[in-house]
Amino acid sequence: VAGVAVYRGPFDVARAERLLWRAGFGPRKGEAEALAKLGLARAVRSLTRPGSEKLVGPAPTDDKGRPLAPYDAWGHDHVWWLDRMVRTSRPLVERMALVWHDWFATSNDGVGSQRLMLQQNELFRSHSLGSFHNLLLEVTRDPAMLLWLNGSDNSRWSPNENYAREMMVLFTLGAGRGYTETDVREQARALTGFRNDWRSGVGPTNFRYDPKWHDAGAKTIFKKRGTYVWTDSVRLAVAHPSHPSFLVSKLWSYFVGSTLDAGTSAALQRTYVSSGYQIRPVVEAILMHPALYQGPRLFKSPVVYTAGLLRRLGAPVKTTAYAWLGSMAGQMLFYPPNVAGWDDTRWLDTATWRGRWWTAQYVLGALALDPAKGGQPFDANALVNGALQFWHHPPLTDATHAALTRFAQSALADAGKASWKRQQYPVMTMNALRHLIAVSPEMQAA
Amino acid sequence: VSDCNHCDGLSRSRLLHRAAAEAGRGLPSIEAGMPLPAGTGLSRRSFLARGLGAALAVYGADKLLPGLFDAGIAAAASGPSQPILVSVFLEGGADALSVLSPQGDALYRKLRPQLALSGGTTFVEDDRLHWHPALGSLTQLYGEQKVTVMPAVGYTNADQSHFTSRHYWEVGATSTTLRTGWLGRYLDRTGTMDNPLQGLSLDDTLAPALATAKVPVASIDGPDQYDFWSRSVWGEVETRMLDAIGSFGSGGDPALAAAANAAAQVAKLRGQLQPFQGDNGISSPVPYPKTNDAFPRRLAGLAAMIASGLPLRVVALSAPGHYDTHSDQADALTTGLQLTADSLLAFQRDLEARGVADRVLVHVWSEFGRRGKENGSGGTDHGAAGVGFLLGTRVRGKMVGEFPGLKDGLDEDGNVKATADFRGIYAGLLEQWLGMDARGVIPDASSFARPALIR
């Protein structure tokens, strides 16, 4: 892409693993090694232009081994999507669906229908790397969004400016960037005409556009006058001069931890506009940028963290506990905290950290070794190495490695001469080491 | 059709969150029971409520064992009693013109043909205004001179975006670039490096107003909800393992350092809250509203923590209810205001019964009020000045600012103009309640009038 720097350093296993974290949910066993062999350009294209999706491993179940009911059962929607992140062969498509879920953050708290939420989720998946203009058109008439931001309450007789405002503030332009309160009100008028019915026992239904409900009068939007309708409203927002800079800088922030410099921003904006508002070329340029490989680590969101643990172990999803664990860690899918999405700067605090602890507990629970059976070496270094082997050698810092070794040494020292302790403490220490590695700083950020 | 963008309160995610905390105590029926198998005859919500028996329990001050505190905590706790500020956020922009409805203003019924309220107790400082009928508990406290009312608090040229306006309130300035909260900056100046409880967010995540640059702050659901387990690890090995949480390396990377720091704070907080874990709780001295919502349980826990001498300074939590009432406003407001006010009354009575009421002041706020004219969906759109309250035995109980009236008191967008500036309120709280100079915490503090807030 013209004007955007490309990473020229070695594309080794560590860089390939970082790419898999940023553009997906981390590697399965051997995946980073295979990706590194492709070289940077082919590796990125394998993610941005994947073949048809294959789901690897057994289908998810609830705690009793029964299939999930994502449309109907509590929390099954979260678990269903988590499983797709774990098993997909197209991780970037799922990662972009997660980006759009955060970008157009719709909460089932305001929609009240898992079916409509999953319908919106499919929209994010099918438009994940295509045209942003088309994506925004689809989002604008999406039933879950019409309910969430009162789009179907907005009629010629009683304008409701909720969607009009957020479309500009959060979806296309950014707060205070080139629109006025008049534009909000006039956009709301242009967006009138959507309706739905409500049927007892069914809920909201029959979503449609009804020209009779549309305010057909002239509106003035961004200082231009016309008898605008909802497609004009979307078109005007996407064509607004503040939009390309908003889009590239927001998209960048999902993938790269360092700030976007003015030159790169300008080049990405040119790429975006000249492609006709296509997302794929912008994402490809970001994924090849040196800042992704040389910049600081990024925190993993709770669901990325959880999917990553499961992918790393090749472990199946066999509990619906992941739904409330996600909530505890600060990210329950389909329930973003508000229309601005999740706050990426505040994933970790003393409450959400505990959610990650419990998540790791559930990932590891079925794999925990029975202390009564013994069988682990009475040797701190050997136990630490065994636990690292279990996780396929995540890159820990020396300081964390030393902390794990100190813990193992102190735990074994407590065993003293009691023979049952000398049999059981190494097993408990191994279980504990696996858990401590899972919550270590190096596993929380990549 | 829903009206809410910002749901908490009786929301599913909250219920799930609380069920999670329960499951953390090892009650597998909750895990396996979500969702409920068909045909049990119990609604999902009541099932969860039944399972939440322990979560609705309250906490005993007398169970604290001094030996479990480290020296810093013990010193802070044994020092002179410090004032505590509790911030309660009505998220979404609460409709001030319903909280205190201007029934005596001739324009009120014209602007609100569907939504205009009638009845409710008259507000004695301005008889044009009437308390919302769901606010009986607040009216009661007002009658005891424990409430200061701010009928139109905000700032000039109010931003009508939730996120921008809320950010202004959280950082204590009309600045989009400040990255620390106003209470966080207070703690950075007066707090210590070894006491995360000095800034406590009783919520799923950290309240942005508490964001510090330097000193640690904490976020917990409730003091009884902070346990850690690991499958097939117990006894001495478990103790060693939990101690190891605070010992991770940080490398040189900022994200790694932050993750290691979070783990170290977890270890510290776990030690501080150990006395509240398990079955230590005893009854609160007063009853709290019975509900699935976490708000009264959190307040009950907070009262117990304060009475036990834990070194809290500033506390933040969100009120129950939906306040972004673009539609179906009447019912949503009634539900939220009722539970909020009833819980705050119980909290006040609890503090009084425990003899610590003089140390605690509650500030209730929202990011803006709502438009004068209703919108036709049975709701109201974003406005400007909103309503706020100060609660406690030490508040002055005299209205701050005034209701500007609907004839001359609306701006060109039809929104209520502010008659008290939130930064002046903050400066007053810092100086008169928390005992520090507001300069350095509130930018341009000297340019805002300080109302007398404390008696």
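The values are calculated or read from the model by the stated rules, or taken from the named source; none is laboratory data. Quick caveat: nothing in here was measured; it's all calculated off a predicted structure. Here the Cβ is made from the backbone with ideal geometry for all residues, glycine too, and neighbour counts use every protein chain on show.
Against the criterion of being touching a Lys or Arg at 6+ places or on another chain (Cβ under 7 Å) and either among the hydrophobic types (A, V, I, L, M, F, W, C) or on the phi > 0 side of the Ramachandran plot (or both), B:A418 does not qualify.
Kindly establish whether A:P241 is over 23 Å from the mean Cα position of the chain (by Cα) and either in a helix (DSSP H, G or I) or surrounded by fewer than 19 Cβ atoms within 10 Å (Cβ to Cβ) (or both).
Details: over 23 Å from the mean Cα position of the chain (by Cα): yes; either in a helix (DSSP H, G or I) or surrounded by fewer than 19 Cβ atoms within 10 Å (Cβ to Cβ) (or both): yes.
Yes; evaluated as a whole, the condition is true for this residue.
Within the range B:109-124, which residues are out of contact with any strand residue (DSSP E or B) (no Cβ under 7 Å at 6 or more places or on another chain) and touching a residue at least 24 places away in the same chain (Cβ under 8 Å)? Passing the criteria: B:L111, B:R112, B:P113, B:Q114, B:L115. Candidates A:L309, A:L348, A:L333: the one that is at the interface with another protein chain (Cβ under 8 Å from one of its Cβ atoms) and of a type outside the set (F, W, Y) is A:L348. Taking the range B:406-424 as the range and being within 22 Å of B:I442 (Cα to Cα), outside any loop (DSSP other than H, G, I, E, B) and in contact with a strand residue (DSSP E or B) (Cβ under 7 Å, 6 or more places away or on another chain) as the test, the residues that pass are B:A420, B:F422. Looking only at residues in the range B:87-121 that are in a loop (DSSP other than H, G, I, E, B), out of contact with any helix residue (DSSP H, G or I) (no Cβ under 9 Å at 6 or more places or on another chain) and among the aliphatic types (A, V, I, L, M), the one that is nearest to B:G376 (Cα to Cα) is B:L107. Of all residues in the range A:147-161, those satisfying the criterion of being at the interface with chain B (Cβ under 9 Å from one of its Cβ atoms) and closer than 17 Å to A:W213 by Cα are A:L147, A:N150, A:S152, A:D153, A:N154, A:S155, A:W157, A:S158, A:P159, A:N160, A:E161. Scanning the range B:263-285 for residues that are within 18 Å of the chain's Cα centre (by Cα), surrounded by fewer than 24 Cβ atoms within 10 Å (Cβ to Cβ), away from every other protein chain (no Cβ under 14 Å) and not in a helix (DSSP H, G or I) turns up nothing.
With respect to the stated conditions, A:L287 is in contact with a Lys or Arg (Cβ under 9 Å, 6 or more places away or on another chain), crowded, with 22+ Cβ neighbours inside 10 Å and of a type in the set (A, V, I, L, M, F, W, C). Name the single residue, out of those in the range A:397-442 being part of a helix (DSSP H, G or I), hydroxyl-bearing (S, T, Y) and closer than 22 Å to A:R354 by Cα, that is farthest from the other protein chains (Cβ to nearest Cβ). My answer is A:T429.
Restricting to the range B:252-261, give me the number of residues that are within 7 Å of chain A (Cβ to nearest Cβ) and either buried (at least 21 other Cβ atoms within 10 Å of the Cβ) or not small (G, A, S) (or both). Lay out the reasoning, then the answer.
Step one: list which residues in the range B:252-261 are within 7 Å of chain A (Cβ to nearest Cβ), which gives B:253-256, B:258-260.
Checking which are either buried (at least 21 other Cβ atoms within 10 Å of the Cβ) or not small (G, A, S) (or both) leaves us with B:253-256, B:259-260.
So the count comes out to 6.
To keep it simple, each residue is scored yes or no on (1) touching a Gly at 6+ places or on another chain (Cβ under 9 Å); (2) at pLDDT 95 or above.
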residue	(1), (2)
B:D413	yes, no
B:I425	yes, yes
B:L434	no, yes
B:V441	yes, yes
B:A449	yes, no
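Taking (1) part of a helix (DSSP H, G or I); (2) at pLDDT 95 or above in turn, A:W353 satisfies each apart from (2). Of the residues making up the range B:369-405, those that are in a loop (DSSP other than H, G, I, E, B) and away from every other protein chain (no Cβ under 13 Å) number 16. Screening the range B:326-343 for residues that are out of contact with any helix residue (DSSP H, G or I) (no Cβ under 7 Å at 6 or more places or on another chain) and charged (D, E, K, R) and picking the one that is farthest from the other protein chains (Cβ to nearest Cβ) gives B:D331. Scanning the range A:373-393 for residues that are facing another protein chain (nearest Cβ under 7 Å) and within 27 Å of B:A255 (Cα to Cα) turns up nothing. For residues that are within 19 Å of A:S107 (Cβ to Cβ) and either surrounded by fewer than 22 Cβ atoms within 10 Å (Cβ to Cβ) or not polar (S, T, N, Q) (or both), tally how many sit in the range A:137-163. Going through the range A:137-163 one residue at a time, the tally reaches 14.
Being free of Cβ contacts under 8 Å to residues at least 24 places away in the same chain and touching a helix residue (DSSP H, G or I) at 6+ places or on another chain (Cβ under 9 Å) is the filter here, so list the residues in the range B:126-140 that pass it.
Across the range B:126-140, the qualifying residue is only B:T139.
Filtered by the rule that a residue be part of a loop (DSSP other than H, G, I, E, B), over 13 Å from the mean Cα position of the chain (by Cα) and small (G, A, S), the range B:306-342 gives B:S308, B:G309, B:S327. For A:A23, the criteria (1) surrounded by 14 or more Cβ atoms within 10 Å (Cβ to Cβ); (2) of a type outside the set (F, W, Y); (3) at pLDDT below 95 hold in every case but one, which is (3).
Within the range B:367-375, one or more residues are touching a residue at least 60 places away in the same chain (Cβ under 8 Å), of a type in the set (D, E), within 20 Å of B:Y108 (Cβ to Cβ) and in contact with a Leu (Cβ under 9 Å, 6 or more places away or on another chain).
Against the definition (out of contact with any Asp or Glu (no Cβ under 8 Å at 6 or more places or on another chain), part of a helix (DSSP H, G or I) and touching a residue at least 40 places away in the same chain (Cβ under 8 Å)), how does A:V303 come out, yes or no? Before the answer, list the steps.
Numbers: out of contact with any Asp or Glu (no Cβ under 8 Å at 6 or more places or on another chain): yes; part of a helix (DSSP H, G or I): yes; touching a residue at least 40 places away in the same chain (Cβ under 8 Å): yes.
Yes.
Evaluate the following for B:A303: is it more than 10 Å from chain A (Cβ to nearest Cβ), assigned to a helix (DSSP H, G or I), farther than 29 Å from A:Q444 by Cβ and in contact (Cβ under 8 Å) with a residue 24 or more places away in the chain? Criteria met by B:A303.
Of all helices (runs of 4 or more DSSP H) completely enclosed by the range A:82-129, which ones contain at least 2 residues that are away from chain B (no Cβ under 14 Å), surrounded by 22 or more Cβ atoms within 10 Å (Cβ to Cβ) and touching a His at 6+ places or on another chain (Cβ under 8 Å)?
Numbers: elements: A:91-103, A:108-111, A:114-126.
Of the helices (runs of 4 or more DSSP H) lying wholly inside the range A:82-129, those with at least 2 residues that are away from chain B (no Cβ under 14 Å), surrounded by 22 or more Cβ atoms within 10 Å (Cβ to Cβ) and touching a His at 6+ places or on another chain (Cβ under 8 Å) span A:114-126.
For the condition surrounded by fewer than 23 Cβ atoms within 10 Å (Cβ to Cβ) and either part of a helix (DSSP H, G or I) or touching a helix residue (DSSP H, G or I) at 6+ places or on another chain (Cβ under 6 Å) (or both), A:Y335 does not qualify.
When the range A:179-196 is filtered for residues that are more than 16 Å from A:L149 (Cα to Cα) and more than 10 Å from chain B (Cβ to nearest Cβ), the ones remaining, listed by number, are A:Y179, A:T180, A:D183, A:E186.
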